Amino acid sequence: MQNVDAINAGNFEEPKTNYLNNGFTLKSWLLTKDHKRIAIMYLLTVSAFFLMGGVYASLIRLELLTPQSDLLESGTYNRVFTQHGVIMVFLFLIPAIPAILGNFLLPLMIGAKDLALPRINLLSLYIYWVGGILVLFAMMQGGVDTGWTFYTPYSTTFSNSYVMLTGLGIFINGFSSILTGLNFIVTIHTMRAPGMTWFRMPLFVWAHYATSLVMLLGTPVIAITILLLAIERVAKIGIFDPAIGGDPILFQHLFWFYSHPAVYIMILPGMGVISELISNFSRKKIFGYEFIAFSSIAIAVFGFLVWGHHMFVSGQSIYAGLVFSFLTMVVAVPSAIKVFNWSATLYKGQISYETPMLYALFFIGLFLIGGLTGLFLGSIGLTVHLTDTYFIVAHFHYVMVGGQVLAYMGGLHYWWSKMTGKMYSEFWGKISAMLVFVGFNLTFFPQFILGYMGMPRRYASYPPELQVLNIFSTAGASILGIGLILPVIYLTYSIFFGEKASANPYMHPGLEWRTSSPPPTENFEEMPIVTWEAYEFGEENGLDIEEAKRRELAKV
Amino acid sequence: MQDNSWIPLFPEQASTFAWEVDALYFYLIAISVFFTVGIVAAIGFFVVKYREKEKFANGAEIHGSVPLELFWSFVPFVISMTIFLGGALVYYKQYRPPENTMEIYVVGKQWMWKLQHQTGQREINELHIPVGRKIKLTMTTEDVLHDFFIPAFRTKADVVPGRYTTVWFEATKPGKYRLYCAEYCGLNHSGMGGWVYVMEQRDFDNWLSGNVSGQTPVEAGQDLFMNKLGCASCHAGGPTQRGAKLEGIYGKDVKLANGQTVKVDDEYLRNSILNPAGQIVEGYQPIMPTFKGQVTEEQLVQIVAYIKSLSGVTGTTSTTSSSSSNSMTNSPTTPTNTASNSNATSNAAVNTNRGVNK
């Protein structure tokens with residue numbers, strides 16, 4: 001670390017070239033091996049898909065404003081909710097935090113120049129693009145109407161939509177996940193800076209390690225499943241369709257063997273972000289570091305053993321159902337541990353409420369509800385009534401949107417200054433965070449009640465007595481929509497007109513804050529040597545707090 | 001579902017286990033409220049009390065506490081185990097059909113429910129049942145997955161092509177309840193539903209007699225067996241018959257040619273018709289052709305009902321082998337008696353509606 005104090009005080013002479021102005025040609029972006037540029041390209045495409053999935057979501061909510069299937073006829077509606085699911089799950093939720101924030105920050109956080117396999121990193125971006133384009137192409141041809149779960153034999157024999165093309169897109173896209181996971185694991189094992197021991201790593205890195213394990217071990221199964229589906233659909237070899245000798249339940253086993261762990265691909269990185277935000281904005285070491293780190297690993301491991309809880313009513317044996325219910329209850333424990341530790345971290349902190357911290361606090365509230373309603377669904381006698389209803393829809397949106405999306409938004413705001421070198425408007429940030437929180441609850445809380453009332457999911461029309469709750473939900477969705485559109489505006493504005501960010505605007509101890517904003521292409525001028533624990537706010541961490549305070553006063 | 005309040009919160013309770021599911025639901029709501037309020041209150045308190053006093057001041061040096069970690073790992077574990085056990089108890093009731101049920105056959109197809117009573121009445125998207133009787137639905141589908149869901153009864157089960165699944169309930173309150181398909185099945189998924197009418201026994205009897213019953217499933221099955229499909233030429237030939245003897249086999253264990261032992265149940269009979277070579281009974285040659293593609297799901301259900309009637313098993317399903325061996329003593333041993341016997345059993349099917357099978 002050259003001149004640590006100077007960096008932190010913001011007097012640091014900024015290097016002339018950073019990763020953003022190091023070449024402006026298209027070629028310099030498309031052929032880059034810089035993890036930061038790749039992350040930015042992911043950011044742009046993933047955001048575009050998020051927006052697209054959001055448009056589909058609003059179509060769904062508009063259709064459900066009235067009990068009849070009037071705005072969309074049911075055939076169109078089926079395609080709309082399928083596209084919403086496919087885009088959000090495979091093209092947004094899975095890559096969002098690992099491919100954008102993980103890609104950008106992982107090397108910075110462990111003091112590396114880049115990921116261990118930079119070319120593989122670029123390859124995974126291209127694979128993601130190819131997969132995404134195929135899904136888009138299928139969508140423009142007329143889309144797919146099987147639901148994102150592709151249950152057989154509907155998907156293999158009965159559906160007249162673009163199952164193969166979409167399946168191919170997801171198949172290809174899976175390799176992007178596998179390569180990213182592989183890259184992260186290799187990087188964490190081999191590229192840590194001197195002194196960055198395993199238990200000095202930020203919890204964000206631990207969470208990504210756990211996520212990468214799941215990506216590497218789980219994703220091949222979905223690839224195999226899609227391949228089998230294709231073989232049956234094209235060659236008419238009986239694998240899943242009982243009419244030609246297959247077993248439809250086999251598909252569900254294979255599908256959920258990946259897709260349940262995939263849920264953890266979608267939430268573990270979010271938990272990592274929240275650990276960073278809670279600890280840093282409390283200016284205090286995180287409570288129970290080892291417990292949070294190992295609970296991530298425990299979730300990743302147990303996550304592979306609970307897939308059957310998606311199939312409680314699908315005709316699997318009673319005893320299999322009981323075992324899966326038991327294991328599901330066990331996996332609830334590590335999630336509870338995390339929530340307790342985050343809450344305890346706040347105790348005797350020095351808490352400040354920038355936008356990222358608002359998102360983190362909202363995350364805890366929503367994830368709590370998402371997790372607790374998961375217990376409802378894991379309790380097998382109750383889930384017989386609840387499964388395939390809006391209760392499920394509400395539950396997984398609490399975890400996926402209330403959890404992962406909020407964590408992603410929090411993380412994006414937190415590291416925005418590092419990524420772009422500019423500060424966004426705190427005022428608008430807070431407004432949008434609050435809109436998201438209120439809109440989200442108004443959208444999805446009524447759906448718990450709808451589910452208990454028995455409204456099945458994937459219904460284009462529903463009984464008239466359920467309309468009031470659906471109106472609440474649609475009203476909430478429009479607030480949520482505004483809350484998520486606002487950041488597109490003020491974040492974009494900040495790139496051009498925002499205040500210049502210092503290297504470490506929050507005076508946080510992570511390595512990513514010990515280089516300029518935006519960082520140079522090689523991340524650090526000199527190889528950092530780590531002598532402090534993660535989230536070390538004490539004197540020995542090398543941060544010049546006094547100088548930062550003087551600077552803060554000078555601003556006022 | 002007949003709740004007319006402005007915002008409906010709970011569906012009606014209309015089956016014997018509905019209150020148990022609701023009790024579990026309220027238990028979980030209590031736990032959720034306790035933890036949500038507790039944690040949100042703690043966070044709210046910390047957030048106000050420990051707000052930043054001075055820019056860039058540092059928080060207290062607290063790194064964690066192992067006793068606390070163990071405490072809050074152990075407590076959620078214990079609570080989650082109570083939830084598991086509660087759920088397991090309820091589930092066991094929901095998914096284990098009791099003895100002496102009134103059986104109704106259900107065939108799902110895109111996008112309607114076809115139902116048939118033991119007495120022959122057919123219904124589409126409507127189900128009439130008497131209050132206070134244990135009803136068991138034996139279900140399959142002609143095409144894709146469906147799911148038979150009655151919220152007021154708090155139960156549902158997927159309907160899977162190529163196999164039989166069951167769901168059972170005992171309605172406790174006369175009324176009209178919604179029936180849904182809860183597993184996505186394509187274009188008109190949300191239109192695949194209807195009503196369940198729960199009636200007093202007297203009204204149900206009237207309803208039954210007011211409906212043209214046509215052939216009962218057993219009679220229709222007998223017709224297929226004897227005439228249309230020609231099963232009788234091998235399976236009802238007296239001492240010279242080439243096919244396996246069907247009288248009295250239902251509910252018993254048979255030894256297969258490969259040495260395995262299987263219980264003869266609906267699923268086994270169905271598979272043996274569609275894929276005869278799959279599970280050959282010891283002592284017989286694999287000469288039976290497959291009937292796959294020649295019989296519809298409804299016809300299959302009827303043939304199975306007929307073969308069951310040969311063992312004296314009719315409208316009332318017995319899940320234990322003891323009761324089926326009891327009734328076996330009545331079953332004829334000579335094929336010539338079969339026809340008259342099946343008439344007798346189909347009469348018994350009507351009787352079962354008044355609970356007179358035993």
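So how many residues does region A:325-342 have that are farther than 20 Å from B:Val90 by Cβ and either among the polar types (S, T, N, Q) or more than 8 Å from chain B (Cβ to nearest Cβ) (or both)? Steps first, please.
Step one: filter region A:325-342 for residues farther than 20 Å from B:Val90 by Cβ, giving A:331, A:333-342.
From what's left, either among the polar types (S, T, N, Q) or more than 8 Å from chain B (Cβ to nearest Cβ) (or both): A:331, A:334-335, A:338, A:341-342.
Looking only at that region, the number is 6.
Residues that are polar (S, T, N, Q), without any contact (Cβ under 8 Å) to a residue 24 or more places away in the chain and farther than 22 Å from A:Tyr535 by Cα within region A:312-356 comprise just one, A:Ser317. Candidates are the residues of region A:448-459 that are part of a loop (DSSP other than H, G, I, E, B) and not hydrophobic (A, V, I, L, M, F, W, C); the one that is farthest from the other protein chains (Cβ to nearest Cβ) is A:Arg457.
Scanning region B:37-54 for residues that are surrounded by 15 or more Cβ atoms within 10 Å (Cβ to Cβ) and not aromatic (Phe, Trp, Tyr) turns up B:Ile39, B:Val40, B:Ala42, B:Ile43, B:Val47, B:Glu52.
Yes/no matrix, rows are residues, columns are (1) assigned to a loop (DSSP other than H, G, I, E, B); (2) at the interface with chain A (Cβ under 7 Å from one of its Cβ atoms):
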position: B:Leu9; (1), (2): yes, yes
position: B:Phe26; (1), (2): no, no
position: B:Ile29; (1), (2): no, no
position: B:Val37; (1), (2): no, no
position: B:Ala42; (1), (2): no, yes
position: B:Val47; (1), (2): no, yes
position: B:Ala57; (1), (2): yes, yes
position: B:Ala60; (1), (2): yes, yes
position: B:His63; (1), (2): yes, yes
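Summed over region A:499-551, residues that are among the β-branched types (Val, Ile, Thr) and within 13 Å of another protein chain (Cβ to nearest Cβ) total 1.
Here B:Ile124, B:Ile135, B:Ile62 are screened, and the one residue that is touching a Phe, Trp or Tyr at 6+ places or on another chain (Cβ under 9 Å), of a type outside the set (D, E, K, R) and closer than 30 Å to A:Glu546 by Cβ is B:Ile62. With respect to (1) of a type outside the set (Gly, Ala, Ser); (2) in a helix (DSSP H, G or I); (3) more than 24 Å from the chain's Cα centre (by Cα); (4) buried (at least 20 other Cβ atoms within 10 Å of the Cβ), the lone exception for A:Tyr462 is condition (2).
Within region B:249-278, residues that are closer than 21 Å to B:Leu310 by Cα have Cβ atoms under 7 Å from residues that are β-branched (Val, Ile, Thr) and in a helix (DSSP H, G or I) in these pairs: B:Tyr250/B:Ile307; B:Asp266/B:Val304; B:Leu269/B:Val304; B:Leu269/B:Ile307; B:Arg270/B:Val304; B:Ile273/B:Ile303, counting only partners at least 6 apart in sequence or on another chain. Applying a threshold of 9 Å to beta carbon distances and a minimum spacing of six or more residues, or different chains, the list of pairs starting in region B:233-244 at a residue that is on the phi > 0 side of the Ramachandran plot and ending at one that is at pLDDT below 75 and assigned to a helix (DSSP H, G or I) reads B:Gly238/B:Pro335; B:Gly238/B:Thr336.
To keep it simple, each residue is scored yes or no on (1) crowded, with 22+ Cβ neighbours inside 10 Å; (2) out of contact with any Ser or Thr (no Cβ under 9 Å at 6 or more places or on another chain).
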residue: A:Tyr77; (1), (2): yes, no
residue: A:Val86; (1), (2): yes, no
residue: A:Leu91; (1), (2): yes, no
residue: A:Pro98; (1), (2): yes, no
residue: A:Arg119; (1), (2): no, yes
residue: A:Ile127; (1), (2): no, no
residue: A:Ser155; (1), (2): yes, no
residue: A:Gly169; (1), (2): yes, yes
residue: A:Asn173; (1), (2): yes, yes
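Are any of the residues in region A:483-505 surrounded by fewer than 24 Cβ atoms within 10 Å (Cβ to Cβ), without any contact (Cβ under 8 Å) to a residue 40 or more places away in the chain and closer than 30 Å to A:Leu382 by Cα? Scanning region A:483-505 turns up no residue that is surrounded by fewer than 24 Cβ atoms within 10 Å (Cβ to Cβ), without any contact (Cβ under 8 Å) to a residue 40 or more places away in the chain and closer than 30 Å to A:Leu382 by Cα.
Number of residues in region A:143-173 that are within 14 Å of another protein chain (Cβ to nearest Cβ) and either part of a loop (DSSP other than H, G, I, E, B) or in contact (Cβ under 8 Å) with a residue 12 or more places away in the chain (or both) equals 18.
Confirm whether A:Ala57 is surrounded by 19 or more Cβ atoms within 10 Å (Cβ to Cβ) and either modelled with pLDDT under 90 or in contact with an Asp or Glu (Cβ under 6 Å, 6 or more places away or on another chain) (or both). Criteria not met by A:Ala57. Reported count of residues in region B:294-321, each being of a type outside the set (A, V, I, L, M) and modelled with pLDDT of 75 or more, is 11.
So, in region A:303-324, of the ones that are within 9 Å of chain B (Cβ to nearest Cβ) and not in a helix (DSSP H, G or I), which residue ends up nearest to the chain's Cα centre (by Cα)? Walk me through how you get there before you give the answer.
To start, the set of residues in region A:303-324 that are within 9 Å of chain B (Cβ to nearest Cβ) comprises A:311-315, A:318, A:321-322.
The next check asks that each one be not in a helix (DSSP H, G or I); those that pass are A:311-315.
Values: A:Met311: 25, A:Phe312: 27, A:Val313: 29, A:Ser314: 29, A:Gly315: 32 Å.
Going through the qualifying residues, I end up with A:Met311.
Okay, residues lined up against (1) within 24 Å of the chain's Cα centre (by Cα); (2) β-branched (Val, Ile, Thr); (3) crowded, with 24+ Cβ neighbours inside 10 Å; (4) more than 10 Å from every other protein chain (Cβ to nearest Cβ):
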site: A:Tyr347; (1), (2), (3), (4): no, no, no, no
site: A:Gln350; (1), (2), (3), (4): no, no, no, no
site: A:Gly365; (1), (2), (3), (4): yes, no, no, no
site: A:Leu382; (1), (2), (3), (4): no, no, yes, no
site: A:Tyr398; (1), (2), (3), (4): yes, no, yes, yes
site: A:Val401; (1), (2), (3), (4): yes, yes, no, yes
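Find the strands (runs of 3 or more DSSP E) located wholly in region B:194-277 whose residues include 2 or more that are within 27 Å of A:Ile244 (Cα to Cα), and list them. Correct list: B:261-263.
Yes/no per residue for (1) assigned to a loop (DSSP other than H, G, I, E, B); (2) facing chain A (nearest Cβ under 8 Å); (3) out of contact with any Gly (no Cβ under 6 Å at 6 or more places or on another chain); (4) crowded, with 21+ Cβ neighbours inside 10 Å:
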site	(1), (2), (3), (4)
B:Leu127	no, no, yes, yes
B:Leu137	no, no, yes, yes
B:Thr140	no, no, yes, yes
B:Val144	yes, yes, yes, yes
B:Asp147	no, yes, yes, yes
B:Lys156	no, yes, yes, yes
B:Trp168	no, no, yes, yes
B:Tyr177	no, no, yes, yes
B:Cys185	yes, yes, yes, yes
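Per this entry, B:Tyr25 is not counted among residues that are on the phi < 0 side of the Ramachandran plot, buried (at least 17 other Cβ atoms within 10 Å of the Cβ) and more than 48 Å from the chain's Cα centre (by Cα). Residue count for region A:271-296 under the criterion of being in a loop (DSSP other than H, G, I, E, B) and more than 16 Å from A:Val333 (Cβ to Cβ): the result is 6.
Here A:Ile237 passes the criteria (1) more than 9 Å from every other protein chain (Cβ to nearest Cβ); (2) assigned to a helix (DSSP H, G or I) except the one numbered (2). If you go through region A:175-200, how many residues are surrounded by 17 or more Cβ atoms within 10 Å (Cβ to Cβ) and not hydrophobic (A, V, I, L, M, F, W, C)? Of the residues in that region, 8 qualify. Annotation note: of A:Thr387, A:Thr355, the sole residue that is modelled with pLDDT under 95, touching a helix residue (DSSP H, G or I) at 6+ places or on another chain (Cβ under 9 Å) and more than 7 Å from chain B (Cβ to nearest Cβ) is A:Thr387.
Evaluated against (1) within 7 Å of chain A (Cβ to nearest Cβ); (2) surrounded by 13 or more Cβ atoms within 10 Å (Cβ to Cβ); (3) farther than 30 Å from B:Thr140 by Cβ, B:Ile79 falls short on exactly one condition, (1).
With the checklist (1) over 31 Å from the mean Cα position of the chain (by Cα); (2) within 14 Å of chain B (Cβ to nearest Cβ); (3) touching a residue at least 60 places away in the same chain (Cβ under 8 Å) in hand, flag the one item A:Ala554 doesn't pass. Result: A:Ala554 fails condition (3) only.
The values are calculated or read from the model by the stated rules, or taken from the named source; none is laboratory data. Worth saying up front: this structure is predicted, and the values here are computed from it rather than measured. Cβ: placed from backbone, ideal geometry, glycine included. Neighbour counts: every protein chain shown.
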